[in-house]
């Protein structure tokens, strides 16, 4: 039975309420399925179906709750035109944006969600003929939707710019930065209080929006590139909270629950990311991880107090790989940049044909967004059971003949275990240095997002393979195949 037919049978509002209930159940089910790589695609599809049901149900209510004798300022036809344009843009982005651009895409979509909540809450306030009749809890929700939505929008734009390389990925500081941000937050809270007691103060609410947009920039610019997975997750949570507040403003149950689900899951994921880095959220937001080190050299023959990094040839690597019994592949952002995931899968296949056991070590913050490596490897059809998280794979490095590190820098740095002056001290890492032999594929000796040298590169069991990850891995596959 379709929603319109159900509406004729039991009444429009009741039919929409049932449709919202079905959509909410689908959202929860989809979210649960998204927690597993194996079921994530189905979870995404089920969530999309839920959103379609909720959207159709909402459109059926169009003009039903307008004030007596009034209609909304825009016709349903224009809404459908906007939906069509948005759908076309979304399809184009889904098709054209490469997997390496997913972090930027997620960041910008978070921002769109934030600005949508800000505009919806503002529009609902402005279309009310007598603001003094607005209940206090709705005024509070309006203020929160505006401030959280504004922070999410500009904060996401800054995150996008950092990820895209439009601005430096290092933290950006200015004098009294934390004080300025705190004063902006206090000012926004004060203005929301003014609106609560004097609801007709449109200028005060507009000022909240301006402050929120400025605050979003101020909160994200001091965060370094190493913390982008946490920032993206947090901004995703913000977008959900803003949507939930907008749901209260509109009195829309589906939007309230959907926003709450996104907000809660984002906070949970943010906590997981912080735990994976052994840092508090406050430290991520104000710690400034990502400042470049002055001790790092970009030359392949860089020397430090730990000695000189050894450069291996492809022939050396092939001989050692061919004699291995267990190989652990550690993907990082270098694999993503080179789009080498398919080549890595071919290498794993070539090794498995020789009877070699291959597993993948996935660090929670490898790459630039949560689950980045899982997404890339799933695209290359890597078997789910070969993807091992940090806790599972770390005990196995002691028995691994080879650990093949592809661009993963900070998450493999042994300094995290002992160097108390290191910005990554205490962060759980992948214990690749415990393997019998470690190969690291990198373009150069440049540091990772944390801006520090990786002690791994100077250990006696580590060898460097310099070059583009995709080209190097393809060469390894070719030589392994030719060697029989």
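Details
- Cα gyration tensor shape of the range 125-190, rounded if a/c is under 1.5, else prolate or oblate by comparing a/b with b/c: oblate
- Mean separation of Cα contacts under 8 Å, 6 or more apart, over the residue count of the range 102-291: relative contact order %: 30
- The range 353-429: C-alpha gyration tensor shape, a/c 1.5 cut-off, then a/b vs b/c: oblate
- With contacts taken as Cα pairs under 8 Å at a separation of at least 6 residues, the chain carries a relative contact order of 14 percent.
- Peptides ranked, highest mean first, by Cβ atoms within 10 Å: ranges 149-160, 102-113, 417-428, 466-477: 149-160, 102-113, 466-477, 417-428
- Degrees between helix 177-197 axis and first principal axis of the chain (Cα, 0 to 90, nearest 10): 20
- When Rg and the Kirkwood radius Rh are both evaluated on Cα atoms of the range 301-397, their ratio Rg/Rh stands at 0.99.
- The range 179-221 - Debye-derived log10 I(q)/I(0), Cα point model, q = 0.13, 0.16, 0.26, 0.34 Å⁻¹: -0.27, -0.39, -0.82, -1.13
- Normalised by 2.2 N^0.38 Å, where N is the number of residues, the C-alpha radius of gyration of the range 303-482 stands at 0.94.
- Degrees, to the nearest 10: 228-250 long Cα axis against longest axis of the chain: 10
- Percentage relative contact order, the range 303-482, counting C-alpha pairs under 8 Å, at least six apart: 30
- Under the Debye formula (equal points on every Cα, no solvent term), log10 I(q)/I(0) of the chain at q = 0.08, 0.11, 0.14 Å⁻¹: -0.57, -0.95, -1.32
- Global geometry of the range 225-278, whether rounded, prolate or oblate, following the gyration tensor of its Cα atoms and the 1.5 cut on a/c: prolate
- A quarter of the convex hull surface defined by the alpha-carbon atoms of the range 69-149 gives 7.0 nm² as the mean projection.
- Compared with the dominant principal axis of the Cα atoms in the chain, helix 341-352 is inclined by about 40°.
- Sorting the Cα pairs of the range 102-291 by distance into bins of 5 Å, from 0 upward, gives 1, 9, 16, 20, 19, 15, 10, 6, 3, 1, 0 percent per bin.
Bear in mind these aren't lab numbers, they're just calculated from the coordinates by the rules spelled out. It should be emphasised that the depicted structure is a prediction, and the values quoted were computed from it without experimental measurement. Cβ atoms come from the backbone with ideal geometry, glycine included; neighbour counts cover every protein chain shown.
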